[in-house]
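Q: The structure follows.
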Amino acid sequence: MLEVLRRIIQEVNGARNLDVALSTMVRRIRKAMHTDVCSFYLHDAELGQLVLMETIGLRTQAVGQVTLPQGEGLVGLVASREEPLNLEDAQAHPHFRYFEATGEERYSSFLGVPIIHQRRTLGVLVVQQAEKRRYDEEDEAFLVTMAAQLAGVLAHALATGSFTRPSLDGQAMFTGVAASPGMAIGEVVVIAPPADLNSVPDLIPADVDYEITRLREAIDRVREEIRSAGERLASRISAQELALFEVYQQMLGEAALSQEVVKRIREGQWAPGALADVVRRHVQYLERVDDDYLRERAADVRDLGRRVLAHLQEETPQTPDVYPDSTILVGDEISVAMLGEVPRDKLAGLVSVRGSSTSHVAIIARAMGLPTVLGMVDLPLSRLGGARVVLDGHRGRLFVRPSAELESHYQSLIDEERALAEVLEHEQDLPSRTPDDYDMPLMVNTGLAVEAAASLKNRISGVGLYRTEVPFMITERFPGEQEQTRLYRKQLESFAPLPVVMRTLDIGGDKDLPYFPIEEANPFLGWRGIRVTLDHPEVLMVQLRAMLRASVGLDNLQVLLPMVTNVDEVDDALKLLDRAIIELGEEGVEVNRPRVGVMLEVPATLYQLDALAERVDFFSVGSNDLTQYLLAVDRNNPRVAELYDACHPAVLSAMARLATESAALRMPISVCGELAGDPAGALLLMGMGFNSLSMNAPSLPRVRAAIRRVSLKAARQLVEETLCLDTPAAVRRHLSAQLGEWQLAHLLPPRD
Ligand code: PEP
Ligand code: MG
């Protein structure tokens, strides 16, 4: 059974067209379960109905005709109860309903299972049999497994519009994780990693002969590459391995792959699309056969396909020379480097299939004030290029080819938001002081160029977090000591005499350096932050020396250690810092010892505050990671994004405890995670007693506006009330109700 399951799943996942996938699926299921009927009913949420969409065994005329309200009939019952229903004598069940069009009365036995994707019922899968038969446990498990698999494929197809439900019009909506607030209307530019067969767009060729010629040239180049690679390796590998190169040559030969691709081009696909189609088909076929040798060849075909594609892409640039005025950059995964490719004044928004609201590209997007939605897992990348879209970064939505009404609705929302920003701008030079005269120091998080430093300087108390890894991510090797010194000097000078908290390199997790890849099964629990830099003192020493050098004469540097878990990591880092100071002294560069802080982001540190306090000068809470580690929710995984919430009562109670205990230890403590940039979060943190809040610059206006309108006393009261609540939802509800009462609802991001 397992083997049958695996094959059906492969076929369904591999099908390019959902109609084909569904029809294959019902046929395969019927055969595998030795039953008379297999049908698929689609749940249309808008109409509240189930529609028969595919069947083998019932009358095909019934497809699209038989509809039943959710809760009615056996199929409706399966959908509303969200559980399997297994009946030997279906007609005896009180919910049985007779549909003449299906010819259903002939079938006695019934097994139906719901198809559920992320808690939403998408449809029902049903098998039926003429004679009385009790489907056994194995049958039920089989159908449940099929339904679970179909759920993902179906959700994707529905979202992409490649399978239209009866009531869906031309406009399509996709949802993801709201990662950076704001809204934008613009044109999609799809940015694809080079040579990725899965993200090649579909295009109709303008000149078929030209497409064929360039395909042949690309194939010739790959053949030449393989030939010379074979020659180079001839003396070093066995004859058997060398024979593989011959196989590659044959695969690329006239009679094989290339002819099929040419045929596909003539059918109306441009060369890269035709190549991707053919390679995909071969790979699927090879992966399915019962022969280990042939299955291995699937990888070879894919590799050859990628090589040919790389040559085809050499001529057609992946990104346009001229970006549209309002570019919405869309990709499978958007890296910091990709962001840098689009001129800032043309970039209006970001969307990606992977990532979540606290992934680092999201943090950078917020710092840039760029509306962003990540984790949009259902996005049809290959069909989006050039499409007009509306992006809603507050609610995590992307509308493709919006209707005129929707577009004008959003245009008015965008205008309102702009007007609010202008109003808030007027009070940005005023102190962040509460009505009861409490000054709450606000700081900024930096990492990108400090272009706005001059205007920011009068409005803040310093830089609470300079993420040094960001400049490391956009270079092609570790920057040297001089290069780093220049970079840090600029940062320190721009904000002097205000303090600048520079964090030592925090790579690992989702922050990879292209030249220092870290491949791990659990990167967020692995080699990250100080764990990496202590293992590479040569990297940390260069960085510390550069920071110290940069601070000469300014003395506004503070050093922050990320991902600390053990006290001895702090001791080791301090030893290196002291050594760097001595070394520089010996070289004639006199530097003062900067204040040093520890990031509190691994839960273990919560229980060793006194030991840490003996060693350093301040604490800074990384609420992004603290939330991830306390809740055991990967901050990057869209599937569990709804569970990731810094307003979880456990996180808030840990934060409150941190503030109280640090005060008792007389240790200054700040928050530099995203919670500090949320107006409601900032009020809570102020009420808890944090000494400063550090956030992305675009968050400052709303946070300042909130602080200037709510007294410290009221914020403390808010903390007291909030800490009594049991669920994240109750906390969020309470915060919005309270902000509403204070007439501050407009400061919160709009939600449904
Ligand atoms: C945090 O974890 O809250 C933090 C500020 O650091 P980063 O988001 O860079 O991990
Ligand atoms: Mg962190």
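The values are calculated or read from the model by the stated rules, or taken from the named source; none is laboratory data. It should be emphasised that the depicted structure is a prediction, and the values quoted were computed from it without experimental measurement. All Cβ positions, even for glycine, are placed from backbone atoms using ideal geometry, and neighbour counts span all protein chains on display.
Q: Between residues in region 357-369 that are under 17 Å from residue 702 (Cβ atoms) and residues that are of a type outside the set (Ser, Thr, Tyr) and assigned to a helix (DSSP H, G or I), which pairs lie under 6 Å by C-beta distance while being six or more apart or on different chains?
A: 369/698
Residues are listed down the side, and each one gets a yes or a no for (1) within 16 Å of ligand 2 (Cβ to nearest atom); (2) more than 30 Å from residue 352 (Cα to Cα); (3) among the aromatic types (Phe, Trp, Tyr):
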{"residue": "599", "(1), (2), (3)": "yes, no, no"}
{"residue": "605", "(1), (2), (3)": "yes, yes, no"}
{"residue": "615", "(1), (2), (3)": "no, yes, no"}
{"residue": "621", "(1), (2), (3)": "yes, no, no"}
{"residue": "628", "(1), (2), (3)": "yes, no, no"}
{"residue": "633", "(1), (2), (3)": "yes, no, no"}
{"residue": "644", "(1), (2), (3)": "yes, no, yes"}
{"residue": "658", "(1), (2), (3)": "yes, yes, no"}
{"residue": "667", "(1), (2), (3)": "no, yes, no"}
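Q: Looking at region 456-491 only, could you name the residues that are in a loop (DSSP other than H, G, I, E, B) and closer than 21 Å to residue 515 by Cβ?
A: 468, 474, 475, 476, 477, 478, 479, 480
Q: Let me ask something additional. Which count do you get for residues in region 101-110 that are part of a loop (DSSP other than H, G, I, E, B) and within 14 Å of residue 87 (Cβ to Cβ)?
A: 2
Q: Filter region 656-689 for residues that are under 24 Å from residue 364 (Cβ atoms) and not small (Gly, Ala, Ser); which is nearest to ligand 1 (Cβ to nearest atom)?
A: It comes out as 672.
Q: Take the residues of region 555-569 that are away from ligand 2 (no atom under 16 Å from the Cβ) and in contact with a Lys or Arg (Cβ under 8 Å, 6 or more places away or on another chain): which is nearest to residue 613 (Cα to Cα)?
A: 567
Q: Right, another one. Out of the residues in region 506-523 that are among the hydrophobic types (A, V, I, L, M, F, W, C) and free of Cβ contacts under 8 Å to residues at least 24 places away in the same chain, state the one that is farthest from residue 465 (Cα to Cα).
A: 521
Q: Could you list, ordered by first residue, the pairs with Cβ atoms under 7 Å in which the first is in region 591-617 and assigned by TED's automatic domain parsing to the domain that holds residue 691 and within 17 Å of residue 578 (Cα to Cα) and the second is modelled with pLDDT under 95 and part of a loop (DSSP other than H, G, I, E, B), at least 6 apart or interchain?
A: Taking only residues 6 or more apart or on different chains, the pairs are 592/555.
Q: Let me ask something else about it. Could you tell me how many of the residues in region 393-423 are in contact with a strand residue (DSSP E or B) (Cβ under 8 Å, 6 or more places away or on another chain) and over 17 Å from residue 698 (Cβ atoms)?
A: Counting residues in region 393-423 that are in contact with a strand residue (DSSP E or B) (Cβ under 8 Å, 6 or more places away or on another chain) and over 17 Å from residue 698 (Cβ atoms) gives 13.
Q: Take the residues in region 459-518 that are modelled with pLDDT of 90 or more and among the β-branched types (Val, Ile, Thr); name whichever of them is farthest from ligand 2 (Cβ to nearest atom).
A: That would be 485.
Q: Give the residue that is surrounded by the fewest Cβ atoms within 10 Å (Cβ to Cβ), with candidates limited to residues of region 136-162 that are without any contact (Cβ under 8 Å) to a residue 60 or more places away in the chain and under 22 Å from residue 90 (Cα atoms).
A: Of everything passing the filter in region 136-162, 137 is surrounded by the fewest Cβ atoms within 10 Å (Cβ to Cβ).
Q: On to the next question. Return yes or no: is residue 694 within 15 Å of ligand 1 (Cβ to nearest atom) and either surrounded by fewer than 24 Cβ atoms within 10 Å (Cβ to Cβ) or more than 16 Å from residue 723 (Cα to Cα) (or both)?
A: yes
Q: Take residue 705 and decide whether it is under 18 Å from residue 437 (Cα atoms), touching a Gly at 6+ places or on another chain (Cβ under 6 Å) and in contact (Cβ under 8 Å) with a residue 60 or more places away in the chain.
A: For residue 705, the condition - under 18 Å from residue 437 (Cα atoms), touching a Gly at 6+ places or on another chain (Cβ under 6 Å) and in contact (Cβ under 8 Å) with a residue 60 or more places away in the chain - is not met.
Q: Turning to a different aspect of this structure: Please work out which one of (1) modelled with pLDDT under 80; (2) under 30 Å from residue 394 (Cβ atoms); (3) acidic (Asp, Glu) is the condition residue 187 fails and give its number.
A: All conditions are met except number (1).
Q: I've got another one for you. Of all residues in region 523-547, how many are out of contact with any strand residue (DSSP E or B) (no Cβ under 7 Å at 6 or more places or on another chain) and more than 16 Å from ligand 2 (Cβ to nearest atom)?
A: The qualifying residues number 13.
Q: Hey, another quick one. With respect to residue 22, determine if the residue is outside any helix (DSSP H, G or I) and in the same structural domain as residue 113 (by TED's automatic domain parsing).
A: No: the conditions fail for residue 22.
Q: If you don't mind, there's one more thing I want to ask. Take the residues in region 628-654 that are among the small types (Gly, Ala, Ser) and crowded, with 20+ Cβ neighbours inside 10 Å, then tell me which one is nearest to residue 332 (Cα to Cα).
A: 641
Q: For residue 605, are the conditions met, namely being surrounded by fewer than 19 Cβ atoms within 10 Å (Cβ to Cβ) and within 16 Å of ligand 1 (Cβ to nearest atom)?
A: For residue 605, the condition - surrounded by fewer than 19 Cβ atoms within 10 Å (Cβ to Cβ) and within 16 Å of ligand 1 (Cβ to nearest atom) - is not met.
Q: Kindly provide the set of residues from region 492-524 that are within 16 Å of ligand 1 (Cβ to nearest atom), more than 20 Å from residue 570 (Cβ to Cβ) and outside any loop (DSSP other than H, G, I, E, B), ordered by number.
A: Listed by number, the residues that qualify are 500, 511, 513, 523, 524.
Q: I'd like the residue in region 616-636 that is over 16 Å from the mean Cα position of the chain (by Cα) and farther than 18 Å from residue 564 by Cβ and, out of all such residues, is nearest to ligand 1 (Cβ to nearest atom).
A: Once the filter is applied, the top-ranked residue is 631.
Q: Could you tell me which of the residues 127, 113, 144, 153 is outside any loop (DSSP other than H, G, I, E, B), in contact with a Pro (Cβ under 6 Å, 6 or more places away or on another chain) and at pLDDT 75 or above?
A: 113
Q: Pick out the one residue from 465, 544 that is touching a Cys at 6+ places or on another chain (Cβ under 9 Å), surrounded by 20 or more Cβ atoms within 10 Å (Cβ to Cβ), assigned by TED's automatic domain parsing to the domain that holds residue 601 and touching a residue at least 12 places away in the same chain (Cβ under 8 Å).
A: From the options 465, 544, the qualifying one is 465.
Q: Then there's this: Among the candidates 564, 532, single out the residue that is of a type in the set (Val, Ile, Thr), touching a Gly at 6+ places or on another chain (Cβ under 9 Å), closer than 27 Å to residue 625 by Cα and part of a loop (DSSP other than H, G, I, E, B).
A: Checking each option against the conditions leaves just 564.
Q: Can you confirm whether residue 570 is among the aliphatic types (A, V, I, L, M), within 16 Å of ligand 1 (Cβ to nearest atom) and over 28 Å from residue 356 (Cβ atoms)?
A: no
Q: Name the one entry in 599, 563 that is at positive phi, at pLDDT 95 or above and within 16 Å of ligand 1 (Cβ to nearest atom).
A: 563
Q: Another one. Which of the residues spanning region 339-364 are under 15 Å from the mean Cα position of the chain (by Cα) and at pLDDT 85 or above?
A: Result: 349, 350, 351, 352.
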